[in-house]
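Please read the structure below before turning to the comments.
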Amino acid sequence: MSLLFLAIALGAALDYGLRHSWRLPNFDRSMTKTCATLSLIIFASLANAPGLLIVGLGFAAIGDYSGSRGPLRWMLLSATAFLASHTMYVLLYLERSYAFAPHSGPAMLLGLTGVIVMVATCWRTLAALRLAVVMYTPVIMVQFVIGQTVPAEFMTIAYATTLFLISGCLLGLELFAIPLDSSVRRWSSPVVWLTYFAAQMLVIFSFVEIEI
């Protein structure tokens, strides 16, 4: 039964990414995006995922719906929801992290540099969302750093946090550096969404066992 909801989540995610992600806000767009995350929540619940993961996914669903609506008040709600979501994930990762490994240093440096460059590039255009970005960015960075310290058997967490970082940086550039009517969004929006959704799936796979 759980695999059915995983299949629904994948179908809705692909539908949103490839057909809706770059379009203007509308009901179908919002429902498709939210359906993908809600299906992941059901899948994770049926697979006996940890409570922190379920709560984190719940906040992510709120963030996904709010982020699909468009106006500033919705974007602020989305940023707040994702701040809560990733905080839950950080607490979850801490259960499986260990001391800094020298070989993870280059990846951390590259990731953190990417975040700094993204924020610096968009700083002038952040406007009313500047506070939300300042609050949200450190959580993404902390999550990424922790993800690079997990043992080898939990490498899916490292990949998940890396994809979250990539998606977050690309989303920042899309929101604040790419005009709404730009044709670039036809490929940037699917990349932002699909890297994000892949990260969500990897987080789940890091903490549940899939029974086929």
Among all residue pairs at least 6 apart or on different chains, which show Cβ distances below 7 Å where the first residue, located in region 18-34, is assigned to a helix (DSSP H, G or I) and the second is open to solvent by 100 Å² or more (accessible area, probe 1.4 Å) and basic (Lys, Arg)?
ARG29/ARG23
Suppose the filter is surrounded by fewer than 19 Cβ atoms within 10 Å (Cβ to Cβ) and part of a helix (DSSP H, G or I); does VAL203 pass it?
no
Pairs where the first residue, in region 162-189, is in contact (Cβ under 8 Å) with a residue 40 or more places away in the chain and the second is among the charged types (D, E, K, R) and in a helix (DSSP H, G or I), C-beta under 6 Å, 6+ apart:
SER188/GLU174
Can you tell me which residue in region 149-171 is surrounded by the fewest Cβ atoms within 10 Å (Cβ to Cβ), limited to those that are of a type in the set (S, T, N, Q) and in a helix (DSSP H, G or I)?
THR156
Flag if ALA120 is part of a helix (DSSP H, G or I), open to solvent by 50 Å² or more (accessible area, probe 1.4 Å), modelled with pLDDT under 80 and small (Gly, Ala, Ser):
yes
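The values are calculated or read from the model by the stated rules, or taken from the named source; none is laboratory data. Fair warning: this is a prediction, and the values are worked out from it, not measured in the lab. Cβ sites come from the backbone with ideal geometry, for glycine too, and all protein chains shown count toward neighbours. Accessible surface is based on the protein model in full, side chains and every heavy atom, while ligands, DNA and RNA are left aside. Shrake-Rupley method; radii C 1.70, N 1.55, O 1.52, S 1.80 Å.
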